[in-house]
Structure formats: C-alpha cells, structure tokens
Amino acid sequence: MKTRKHKTNISSRAGFTLLEILIAISIVVILGGIVSLQLIDMPQKSRRDAAVIQLGTFKTAIQIYIADNGFPPSQRQGLEALVSKPATPPIPLNYRPNGYLDSKEVPKDPWGGDYVYLSPGSGGELFEIICYGSDGDEGGEGYAADLSTLTP
C-alpha cells in the first residue's frame, strides 16, 4: 500500500493587511474617545448629585425643626441653626440637644461654596436653600446651573 505525503498548503496570507490594521486602530480610538468623554463628565455629575442629596437633607432637617418649634430658622440664623441652638430671636424652645444635622458644622457644597439660605423663600415659601453650582455664581447652565430646594 502506498502512502501519500500531502503537502501542507501554507496560506499566502499569513497576517493582516495595512487597511485592516488601520480600521482596527480607528475603532479602538473612537471607542476610547467615547469612554474618556464619559469619564471626564463623571466627577461633575457626581458633585451635582451630591448637592441635590445635601439639599434634600437640609430640607428634611428644616422641616423637622419647624415641626419641633413651629417656625423655620430666621434668615439671620441661617443653616447654622441646624447644628447649634440659635442665640438670636426667635429662640427655639424645643431645640434638639444634638441639633438637626449629623455634623457639628454646616457642610459646604461639593464645589467648596456655601449654601444660601433664604427665609422666606424666593417664591414666598417658608424657606429655600440654594446651591449656585460649579461656578459659584447665581444663574448658569449645565453643571453651573443653580439648584434649589424648590425645584425637584
């Protein structure tokens, strides 16, 4: 019996063409650009989300303050009334011994600015708390837009 030796055909195409490599690199660069844009935007979005949560915490604390005392802190007393008993009128008679926030000082907004407390609020409400956003100034758009306890 005869055994045949088969020649193995080595493909004449042993690698990628330049065009295929360029297409693959282009796809990776485009995807990398999209992902990096998402990552660049993430810190600002996180700060904005943190400010919204903090405004909600302030709002709840002031609502409890009102339930305990019958009135919100005055404009002059400000948010400090949530961490230490006010010494200026109107003095709350049923002030909680540990205050209304978990911290001993009023937190700054995520961009390092102060929250603005209005009593009464800009629309005639009992109170309003405002964060001026990333630029720290009134007004603005995007991450620089103002946040308020009056807007959802």
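Values quoted throughout were computed directly from the atomic coordinates according to the rules given, and no laboratory measurement underlies them. Keep in mind that what you see is a predicted model, and the values were worked out from it rather than measured. Here Cβ is always computed from backbone atoms with ideal geometry, including for glycine, and neighbour counts include all displayed protein chains.
Can you tell me the order of 121-127, 27-33 when each peptide is scored by its average per-residue count of other Cβ atoms within 10 angstrom, highest first?
By packing density, highest mean first, the sequence is 121-127, 27-33.
Along the charge dipole of the chain, pointing to its positive end and built from +1/-1 on Cβ of Lys, Arg, Asp and Glu, which listed residue (43, 149, 136) has its Cα farthest out?
The one lying farthest along the dipole's positive direction is 43.
How tilted is helix 18-69 with respect to the longest principal axis of the chain? Cα atoms for both, answer in degrees (0 to 90, nearest 10).
20 degrees
Please report how many Lys pairs in the chain have alpha carbons closer than 23 angstrom, counting only residues at least 8 apart along the chain or sitting on separate chains.
Counting lysine pairs in the chain gives 7.
Step through the residues of segment 112-123 one at a time and calculate ³J(HN,Hα) from phi using the Karplus curve (6.51 cos²θ - 1.76 cosθ + 1.60, θ = phi - 60°), rounding each to whole Hz and writing x for Gly and Pro.
x, x, 8, 6, 9, 10, 10, 9, x, x, 5, x
Normalising by the residue count of the chain, find the relative contact order in percent from Cα pairs under 8 Å and 6+ residues apart.
Taking the mean separation of contacting Cα pairs over the length of the chain, I get 17 percent.
Once label points are set 7 Å from the Cα along Cα→Cβ at both residue 29 and residue 98, what is their separation, rounded to one decimal in nm?
Output for this residue pair reads 5.8 nm.
Consider the candidate values [x] 19.8; [y] 15.7; [z] 16.8; state which one is Kirkwood radius over Cα pairs in Å computed from the structure displayed.
[x]
Roughly speaking, what is the stretch gain from residue 85 to residue 45, that is 0.36 nm per residue apart minus the C-alpha to C-alpha distance, in nm to one decimal?
11.0 nm
To the nearest 20 debye, what is the magnitude of the charge dipole of the chain about its Cα centre, counting +1 on the Cβ of each Lys and Arg and -1 on the Cβ of each Asp and Glu?
Computed about the Cα centre, the dipole is about 1760 debye.
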